[in-house]
Amino acid sequence: MRGDTYIDYPFEEVMFRWDDVEKKAYRKFYGERESGPIPHDNNLYNEALRSGDEITREAYIVGKPGSPERRNS
C-alpha cells in the first residue's frame, strides 16, 4: 500500500493531496487551508499531476506562504 500522494504545483501556488483510502483529491492554495474534496477531473489538479512535483506529507502540512499578488486578488 503506497499511501497518500502529495503534489506541489508552484506555477499556480497550489498543492494537492490524493487520499489513497478515500480515493479523493484535496486542494490547498499557498497560504490557505485545505479545501474539501475536488473532482478528479479538475483541470488544475490534472495540470499539477502532469507538471508538478511530488512532495512529502510534512511539506504539504507545513505549506507555503502565498504571494502578495495572490492574497490581494
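Computed quantities for the displayed model
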| quantity | calculated |
| --- | --- |
| Where trypsin sites (Lys or Arg not before Pro) fall in DSSP loop in region 9-73, at most 16 other Cβ within 10 Å | K23, R33 |
| Summed side-chain charge close to V62 - residues other than V62 whose Cβ falls under 12 Å, Lys, Arg +1, Asp, Glu -1 | +1 |
| Sites matching GluC sites (Glu not before Pro) across the chain that sit in DSSP coil, with at most 15 neighbouring C-beta atoms within 10 Å | E22, E32, E34 |
| For the chain: relative contact order, % (alpha-carbon pairs under 8 angstrom, 6 or more apart) | 32 |
| Zero-based 10 Å bins, Cα pair distances in the chain, whole percents | 20, 56, 21, 2, 0 |
| Net +/- balance of residues flanking I7 in space, Cβ distance below 15 Å, scoring K and R +1, D and E -1 | -3 |
| Candidates G63, G36, G52, ranked by Gaussian network fluctuation over the chain, Cα under 10 Å, top entry | G36 |
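Laboratory data are not the source of any read-out in this text; all were calculated from the coordinates shown. Everything numeric here is computed off the predicted structure, so don't read it as measured data. Virtual Cβ from ideal backbone geometry, glycine too; neighbours counted across all protein chains shown.
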